[in-house]
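A.B. asks: Take this structure first; my questions come after.
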Amino acid sequence: MTIKQFGFPIKYANVSLDNYVGRLCIDSREIRAGDTFIAQKGLTVDGHSFAAKAVQAGAAFVIAQKPLDEDIPHVVFDPFPTLAEMAARYYDYPSKKMKMVGVTGTNGKTTVTHILYEMTARLGYKCGLIGTNRVIIGTDELSAERTTPDAQRLQETLDKMVRADCEYCFMEVSSHALDMGRVEGIQYNMAIFTNLSQDHLDFHNTMEEYYLAKRKLFDMCDLAVVNTADPYGARLFDEISTDKIPIETVSGIEFNSDCVRFKIKNSFVTWRTPGKFSVDNAAAALTCGKALGFSVNDMAGVFENIPPVKGRMEPVKYKDGITVLIDYAHSPDALKNVLLSAREFTEGRLICVMGCGGNRDKEKRPVMGATATEISDYTVVTSDNPRFEEPDAIIKDITPGCKGEYTAITDRRNAIAHALSYAKSGDVVLLCGKGHETYQEIAGHKYHMDEREIVRECVTKH
């Protein structure tokens, strides 16, 4: 489309309005010949300062919030549309051409979207997935940089799904994305609320602000699927005016170290991820699938073949008699849930390795220390992703909450090795915080660290 056809009111332009709008790009380092660079003022960086560099790199012209130097070809829209509005219009609103399901909540987003994608694909439909662990377009898997991509990348990905003939898109929708307007221009056929507990207060400041950010998704959907057993879910169910249904209840739950079994309606379901929260996530996905028109019996028939989610109560082979699990739990409620879930099938002692991320909500640190030591028999407090904080300083914030038996070992590799050497037959060792991540972020650098590899290395040493 041309600048004129793009349809936004123009305040100023020193280029022809018949120029075509090329691929939208907000990062001057990623410019290709013919692209259109969008210069906007962000929280920490002003994109206008990179406009000349973008043109030198091949951008045909710049869309700016204010007039630039005359030697820079550019156009100024007034009022200036959001990036989400521009991207949705540029790609001709791809979300309207698929059935869109968004999942939000503190915990469970990755697992619920994973189940929905795998289940729907096994039922014979072509679909896409956008989440923390991965992005999938049909059967093509891409890496994911964040839970919900920036608006330009999001709309570009949705467009690729449409071109690949995907009928469904299942995506995680973070509170950050909702607050920052990344998902504007998308109307979801269905939105799922899993739960809400303390997390991201470094960004949202209060739980009320956090809740209100999540609530925005339910003004953008046709049908809400809500976990009404959660206090915030019950509040959401009462407040929203959109069509809504509660997550189905299940019965006959059976917990094992490698799976859960339960009954929903008249169908029996086996899900290869242990723990009570795994039942909750499966029930959310099954409720959504039923609302999409799938039969419960058909869904139950493919469920057992759905692989576990990487880094979500993921079993790692160690030594006979000792169970080792890797989980992403990095909030107080998530840590509590995985520990209680592990306790259900632990025959011996429950050993927890945990830490807290740097440059994030500090208030949750002693709470997580308390949670870990109250539920597990032995806790190893260690480093997570310290980012730009000193690892020992983070540990000192955690340990005042510790009430049971614990030790502090700053180096995470050594902490894991210590926990494994401490374990005996019948014990469960739960490695919390890293999950699917295969790196540790320290002082702006990401260093390779895969806990699966560490566990395998320890097999020969102990």
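A.B. asks: Determine which single condition residue 459 fails, assuming it passes every other condition in (1) in a helix (DSSP H, G or I); (2) modelled with pLDDT of 95 or more; (3) of a type in the set (A, V, I, L, M).
C.D. replies: Every listed condition holds for residue 459 apart from (2).
A.B. asks: Mind telling me which of the residues 335, 420 ends up being touching a helix residue (DSSP H, G or I) at 6+ places or on another chain (Cβ under 8 Å) and more than 26 Å from residue 132 (Cβ to Cβ)?
C.D. replies: Unique residue meeting the criteria: 420.
A.B. asks: Quick check on my filter: what residues within region 51-66 are within 34 Å of the chain's Cα centre (by Cα), of a type in the set (Gly, Ala, Ser) and part of a loop (DSSP other than H, G, I, E, B)?
C.D. replies: If the condition is that a residue be within 34 Å of the chain's Cα centre (by Cα), of a type in the set (Gly, Ala, Ser) and part of a loop (DSSP other than H, G, I, E, B), then 57, 58, 59 are the ones that fit.
A.B. asks: Does region 197-218 contain at least one residue that is in a loop (DSSP other than H, G, I, E, B) and closer than 28 Å to residue 167 by Cα? Even if it seems obvious, please write down each step before you answer.
C.D. replies: Of region 197-218, the ones in a loop (DSSP other than H, G, I, E, B) are 197-200, 205-206.
Then keep just the ones that are closer than 28 Å to residue 167 by Cα; that gives none.
The answer is no; no qualifying residue exists.
A.B. asks: I'm trying to understand the selection: among the residues of region 365-389, which are in a helix (DSSP H, G or I), open to solvent by 10 Å² or more (accessible area, probe 1.4 Å) and touching a helix residue (DSSP H, G or I) at 6+ places or on another chain (Cβ under 7 Å)?
C.D. replies: Listed by number, the residues that qualify are 366, 367, 370, 371, 375.
A.B. asks: Checking the condition more than 15 Å from residue 104 (Cα to Cα) and in contact (Cβ under 8 Å) with a residue 12 or more places away in the chain, which residue from 208, 239 passes?
C.D. replies: Among 208, 239, only 239 is more than 15 Å from residue 104 (Cα to Cα) and in contact (Cβ under 8 Å) with a residue 12 or more places away in the chain.
A.B. asks: Might you check whether a residue that is within 19 Å of the chain's Cα centre (by Cα) and without any contact (Cβ under 8 Å) to a residue 60 or more places away in the chain occurs anywhere in region 179-199?
C.D. replies: Scanning region 179-199 turns up at least one residue that is within 19 Å of the chain's Cα centre (by Cα) and without any contact (Cβ under 8 Å) to a residue 60 or more places away in the chain.
A.B. asks: Also: Among residues belonging to region 260-281 that are part of a loop (DSSP other than H, G, I, E, B) and open to solvent by less than 10 Å² (accessible area, probe 1.4 Å), point out the one that is nearest to residue 308 (Cα to Cα).
C.D. replies: So, considering only residues that are part of a loop (DSSP other than H, G, I, E, B) and open to solvent by less than 10 Å² (accessible area, probe 1.4 Å), the one nearest to residue 308 (Cα to Cα) is 273.
A.B. asks: Quickly run through region 108-148 and pick out the residues that are part of a helix (DSSP H, G or I), under 15 Å from residue 310 (Cα atoms) and of a type outside the set (A, V, I, L, M).
C.D. replies: Those that are part of a helix (DSSP H, G or I), under 15 Å from residue 310 (Cα atoms) and of a type outside the set (A, V, I, L, M): 109, 110, 111, 113, 114, 117, 118.
A.B. asks: If you don't mind, another one. Take the residues in region 431-459 that are more than 21 Å from the chain's Cα centre (by Cα) and crowded, with 18+ Cβ neighbours inside 10 Å; name whichever of them is nearest to residue 342 (Cα to Cα).
C.D. replies: The selected residue is 455.
A.B. asks: Here are some residues: 361, 392, 397. Which one is of a type in the set (Asp, Glu), under 26 Å from the mean Cα position of the chain (by Cα), in a helix (DSSP H, G or I) and surrounded by fewer than 20 Cβ atoms within 10 Å (Cβ to Cβ)?
C.D. replies: Details: 361 fails: in a helix (DSSP H, G or I); 392 fails: under 26 Å from the mean Cα position of the chain (by Cα).
Only one candidate passes the filter, namely 397.
The values are calculated or read from the model by the stated rules, or taken from the named source; none is laboratory data. Computed from a prediction, not measured in an experiment: that's the story for all the values here. In this analysis, Cβ positions are derived from the backbone assuming ideal geometry, glycine residues included, and neighbour counts consider all displayed protein chains. We work out accessible area using only protein heavy atoms, side chains counted, and drop any ligands, DNA or RNA first. Shrake-Rupley method; radii C 1.70, N 1.55, O 1.52, S 1.80 Å.
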